[in-house]
1. Could you tell me which numbered condition residue B:75 fails, if it satisfies all but one of (1) closer than 14 Å to residue B:144 by Cα; (2) surrounded by 15 or more Cβ atoms within 10 Å (Cβ to Cβ)?
2. Identify, please: which residue in region A:446-501 is among the small types (Gly, Ala, Ser) and out of contact with any helix residue (DSSP H, G or I) (no Cβ under 6 Å at 6 or more places or on another chain) and is, among those, nearest to the other protein chains (Cβ to nearest Cβ)?
3. Output the strands (runs of 3 or more DSSP E) that fall wholly within region B:253-350 and possess 3 or more residues being aliphatic (A, V, I, L, M), or say none.
4. Which of the strands (runs of 3 or more DSSP E) found entirely inside region A:207-302 contain at least 2 residues meeting this: among the small types (Gly, Ala, Ser) and at pLDDT below 95?
5. Check residue B:82 against each of (1) in contact with a strand residue (DSSP E or B) (Cβ under 8 Å, 6 or more places away or on another chain); (2) surrounded by 15 or more Cβ atoms within 10 Å (Cβ to Cβ); (3) under 21 Å from residue B:36 (Cα atoms) and name the one condition it does not meet.
6. For region B:156-179, name all the residues that are among the polar types (S, T, N, Q) and open to solvent by 10 Å² or more (accessible area, probe 1.4 Å).
7. Return the residues of region A:201-253 that are within 24 Å of residue A:293 (Cβ to Cβ) and aromatic (Phe, Trp, Tyr); say none if nothing qualifies.
8. With respect to residue B:193, is the statement that it is away from chain A (no Cβ under 14 Å) and at pLDDT below 95 true?
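The values are calculated or read from the model by the stated rules, or taken from the named source; none is laboratory data. Given the structure is predicted, the values throughout are model-derived calculations rather than measurements. Positions of Cβ are generated from backbone atoms using ideal geometry, with glycine treated the same way; all protein chains shown enter the neighbour counts. Accessible surface is based on the protein model in full, side chains and every heavy atom, while ligands, DNA and RNA are left aside. Shrake-Rupley method; radii C 1.70, N 1.55, O 1.52, S 1.80 Å.
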Amino acid sequence: MSLGSIPMKFKVRIDTDECMLCERCIENCPYGTYRLEGEKIHIDSRRCVACHRCVAMCPRDAITIEEKPIDYRRHPLWSREAREAIYNQARTGKIVLAGMGNAQDLPSIFDRLLLDACQVTNPSIDPLREPMELRTYIGKKPRRLDIQRKENGDVELKTTLAPNLRLDTPIMIGHMSYGAISLNAQLSMARAVADQGTFMGTGEGGLHPALRQYQESMIVQVASGRFGVDIDYLERGAAIEIKIGQGAKPGIGGHLPGEKVGPDVSQTRMIPERSDAISPAPHHDIYSIEDLKQLVHSLKEATEWKKPIFVKIAAVHNVAAIASGIARSSADAVVIDGFRGGTGAAPRVFRDHVGIPIEAAIAAVDQKLRSQGIRNEISIIASGGIRDAADVTKAIALGADAIYIGTAALIAMGCRVCGTCYRGQCPWGIATQMPGLTNRLNPDVEWQHVANLFKGWTLEISELMGAAGINSIESLRGNRDRLRAYLLDEAMMNVLDVKPVGA
Amino acid sequence: MCGIISVIDRSRSGMDGSSIKKALSLMDERGSGEGAGYAAYGVYPDYADYYALHIFFDNLVEPKVAVDEILRKWGHIEDQEEIPTVEQPDLRRTHIPWRYFFKPDISLMPGSRTPDEDIVMKLVMQINTTIPGAIVFSSGKNIGVFKASGWPEAVADFYQIDKYEGYIWLAHNRYPTNTSGWWGGAHPFNLLDWSVVHNGEITSYGTNRRYIESYGYRCTMFTDTEVVAYLCDLLGRKHRLPEDLMVRAFAPPFWDEIDSMPEDQQKLSQAIRLTYGSALMNGPFAIVVATAEGIVGFTDRIKLRPLIAAESGDRLYISSEEAAIRRMEPNLDRVWMPKAGEPVIGRVRI
């Protein structure tokens, strides 16, 4: 079997009537799809990944890309993907890598949950006229307040509150490291979250000096490779996140290839240039929940108990019990990453087959923590495939305090979800460290796009809340009465504790 | 829509139920004839040390035998009888209202600081969730709730409330929406010392319910008002928040207001919102809550339901309508409209 025996994924065509031979497509495609041959642009469609960079840059709209121009004989079991993975592995004998989130054609639970609105018996609230409160605090809350009346009749608050992060909107950006994505991408997102009164994660890649101006809006990450971690790093973050797992690849570590580790990434990560950065599957100092508790305590001690500590886990079958252990470790928030969570690179078998949907994970964790009376001990941050304001609203109604987005923020900066992040040649300047490509992403422009996304979603959440007669996000949180299930089976409805439509 | 009215006599002078019946009947426009009820404090002076358990029985065989058994297991029944009623032409009797005067055996709940109340609360939850055909709708000391499906005047005459004397009265005229007009769904709702009447709809019910159920309360009445009584019990009795701060948890100031408060107030209000965010009640409502010590009236944070207060001598009135108050007392010293979320508090003099 030689290369070329597999049908190409995309067929690229240029309308020669429109093309003016400006060669922008050639300049913009890092994969070498186009080259000039005499007076004609020659196209090697086999190189195309459908990133749409050329389409976006073509001044004449002359380019069309057709997906799967050659069909295999149709077979319900032996899909194109199944067959091609075998060709690939027959050739290489290796694990098949894939990018972005779960690509299986599984129904979205979010899409089968419907939101409520008021009619007659209670008035909807107009966010244009009435206050609408989305302010969210992430961190431990006391189970009860101890309030005592002084002799002069004034009340005195005896309870001391643990540090909390204040979010003006319940949306944050999850952890995408410098190395996995470019500094320009991080700068754009950091400026956006600072502007919108919310937070983003650094990922396991350290904090580049250029990001320090936004450090009060950054959550620093301690993952199994401990890259970039020192006391200065910990102290700069508004909060610290211990990353145990990731929804796109639960149970395995990470691998940043050496070609992405240039001088700057090397300094920020505190590793030698061009060396592979391998994050092991487990933390080698965490082999049990007690060990996690020790790390949480160590980080709190190191930062004088001034910062909330998050623990991020992948949504796996036993997620509720794991979260309940984390809630007892003195961690302040648990981040649950569902099986649709994105990634730069993950083994395809993991991306598509390990972990559970975030909707079920939120419901199970919230229920478990409540049944044990420890829901106030910890905030729940949900992530993994959140696409729009409706997903955010539904996640909160199921019981989340806030959510992380990842892919959505990248899309706001131009990402077309081509899923080729692992090749390090992202034509949009996002998942790459090549200067000629990262220069394409201008933080002074793109931060505004990310900020606009936050603004738009926040407005939509306000409208959805107002329509439901709710003017404070606390009253949406865990309010599963305002959700109904459409075309979900009874077992699923029991897990979600949601009634069917019409009930 | 619903209409509510309540009165407290701060000197603890008794008032019979005849005038509040007239006041509630004046608001018939706000009801549908499918539910009305009254709660009165101080009605059982001879049994003041006993928990007066008012129960709707579907029959006096299986459910009553089960209730008798569980009560005897947990304490002593001093007295019991069918609550006296007089048939009304437009009130269909679907339950048998019964009352027990009960004293729990506190030695059965060691380790509790309030064993008698905890036992009674446990029994109420247990009966309401596990004994079919029995619903406890009133469980306080020296307190009686009288409610049924019907117009205010029919319910009042059915129970002959003019024969009871109380220093606090709460009354409610129901226009049911969320649940049908069954007897248990009529207001007031009561648990131990707490009684609640409520006009409106709590849009945060799902959140409030998940919160309160994690503390062992069980919502069994299929209506949002019940949760208010349980929240009062949790915050007021168990967590010992003063009434004004309890209301601040239920209908807190907006963050903009909190941000501009003096530092200590800001800290307190922020702590309340963070700790009791799940107890925040949203949606349109006007609520009056009573305990043996007094009454508190408040509305949602943007006052989407009416609430008016008035005073005359020792008496404080809180109602949906001024006209209803004037039906009880034409000569008022003062009448005012409380602001959104601002509690109106009437305490008995000690």
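1. Failing condition for residue B:75: (1).
2. A:469
3. B:285-291, B:308-312
4. A:277-279
5. It is condition (2) that residue B:82 fails.
6. Within region B:156-179, B:160, B:177, B:178, B:179 qualify.
7. Residues satisfying the conditions are A:227, A:233.
8. For residue B:193, the condition - away from chain A (no Cβ under 14 Å) and at pLDDT below 95 - is met.
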